[in-house]
Amino acid sequence: EPTTTIAMSTKAGRLFMSARNGDFGEGPPPMTFLMGNRAFLAEKPDAAKRFMAALADANAVFTNASKDEMIPQISKWAGTKVELLQLAYPRINPQVSMTRAQADKWWSYVGQAMVANGLANAKLDPFRDVFDLQYQAGGIGL
């Protein structure tokens with residue numbers, strides 16, 4: 001977001017699937033991801049864990065705040081019009097942590113589609129090559 005809302009509000013696109021609508025089943029995976037350089041993560045794992053803990057704290061603020069509190073903050077930070085954020089808000093979810101089950105679900109929906117379309121190598125092992133859950137707050141590991 002707000003790309004989806006911009007497309008919808010200008011009639012340039014439609015919402016096809018949404019985790020909030022239940023399209024990914026119970027306990028949907030987040031659609032926001034972070035990537036890290038493997039060398040940096042190996043060299044500075046504590047920094048990565050502290051960064052993820054700070055994100056978890058920020059996500060808690062978002063989760064516990066009202067829409068009326070968050071929209072002005074998001075607008076200021078992102079430079080997005082308040083009116084657009086009012087439309088987008090039901091689809092905004094900044095959560096970046098995920099469980100092993102959510103990662104499996106994401107891979108079965110999105111990863112496999114990427115493989116089928118030649119956008120990812122079929123030899124990828126999602127838990128060796130894609131997901132490393134150990135840096136999350138709470139240390140959700142494999």
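The values are calculated or read from the model by the stated rules, or taken from the named source; none is laboratory data. What you are looking at is a predicted structure, and each value in this text was computed from that prediction instead of being measured. Accessible surface areas use protein heavy atoms only, side chains included; no ligands, DNA or RNA. Shrake-Rupley method; radii C 1.70, N 1.55, O 1.52, S 1.80 Å.
Observations, loosely collected:
- Helix 45-64 vs. the chain, principal-axis angle (Cα, 0 to 90°, nearest 10): 30 degrees
- Heavy-atom surface of the chain, accessible at 1.4 Å and reported per residue (Å²): 68 Å²
- Carbon-plus-sulfur accessible fraction, the chain (probe radius 1.4 Å, protein heavy atoms only): 56%.
- Estimated 222 nm signal from helices in the chain, with DSSP H stretches of n ≥ 4 weighted -39500 (n - 2.57), rounded to 500: -13000 deg cm²/dmol
- Candidate values (i) 1.01; (ii) 0.99; (iii) 0.96, label of the one derived for Rg/Rh (Cα atoms, Kirkwood Rh): (ii)
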